Structure formats: structure tokens, C-alpha cells
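One structure is given below, encoded as C-alpha cells.
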Amino acid sequence: MQTLTALSAMLLLAGLGGCSSGQNELRRQTSPNQKLVAVLMESILKDAAGSVHQDIYVNDQGVPLNLDKPIFSAVACDRVSFDWANDYTLQIHYETTCVIRQFTNRWSRPSDVAAGRPNPIEIVLIRN
């Protein structure tokens, strides 16, 4: 009976794993002043459609990446890229086929907000 229960549990976990997504880091770039980092992550759902999600995060350099709040989240993009125009401007480039689900045009360092002196960076979308 214990063998059957263990086997059932393993099959259940294997079945759930087929529906989960795994995030892979595609690109990371540090801001010119070396204080911030932008990271492009990709998730592929193992569903019937094989949905591909791409998220971009901004974070303080040297701090573990916070994956709670992407500044950009999209589905079905052929090409997503980004570059730092300067210390406080991040440009996100995307193709016209991209379905943008979430976007914010300003981001502030949590340490600056906590100190009462937010100095936000601007995020600009550029359609190729």
C-alpha cells in the first residue's frame, strides 16, 4: 500500500510539472553608472499552446533579483531587447507582433524611496 501511495504521489508531481513554467535569464545589462541592472527573463509554459512569456526586471546592482514586479511583461514576441541610453533611461525594443501585458514607464530604487529621495529611471518603449 505504501508503494502505491508513493507511486501516486510521484505521478501527481510529474503531472503538475508538465504545466509549470521555468524562467531562464536571456540577457543582463548593467547601467552606465554601475548602480542598476536590467534583466530579460523568458518563461515557456508547457501547455498546449507552448506560450512564451518575456519579462524585464530592473534591480539594484549586487542585490538578489526581485522577480515580483517586472517593468515589462509580454507574450508572443519575436524579438525583445533593451539598452541603457544613460544612467536613468532604459529603452525597451520590441516587434509589432508583441502582446504587452504589463508595462511601467518609471521605476525607483527601493533604497531611494525608503530614504525619501526617489530618483526614478524612465523606461521607454520603442517599436521596431
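The values are calculated or read from the model by the stated rules, or taken from the named source; none is laboratory data. On a predicted model such as this, the values are computed, not experimentally measured, just so you know. Ideal geometry is used to build each Cβ from the backbone, glycine not excepted, and the neighbour counts take in all protein chains shown. We work out accessible area using only protein heavy atoms, side chains counted, and drop any ligands, DNA or RNA first. Shrake-Rupley method; radii C 1.70, N 1.55, O 1.52, S 1.80 Å.
Taking the criterion of being charged (D, E, K, R) and open to solvent by 60 Å² or more (accessible area, probe 1.4 Å), the residues of segment 104-128 that qualify are R106, R117, E122, R127. The number of residues in segment 82-103 that are touching a Phe, Trp or Tyr at 6+ places or on another chain (Cβ under 8 Å) and surrounded by fewer than 13 Cβ atoms within 10 Å (Cβ to Cβ) comes to 1.
Taken over segment 88-128, residues that are in contact with a strand residue (DSSP E or B) (Cβ under 8 Å, 6 or more places away or on another chain) and either acidic (D, E) or not in a strand (DSSP E or B) (or both) amount to 13. Can you tell me which residues in segment 68-87 are touching a strand residue (DSSP E or B) at 6+ places or on another chain (Cβ under 9 Å) and polar (S, T, N, Q)? Scanning segment 68-87 gives S73, S81. Taken together, the residues in segment 27-71 that are part of a loop (DSSP other than H, G, I, E, B), open to solvent by less than 70 Å² (accessible area, probe 1.4 Å), among the aliphatic types (A, V, I, L, M) and farther than 20 Å from Y88 by Cα amount to 0.
If you filter segment 72-81 down to residues that are part of a loop (DSSP other than H, G, I, E, B) and at negative phi, you find that the one that is least open to solvent (accessible area, probe 1.4 Å) is C77.
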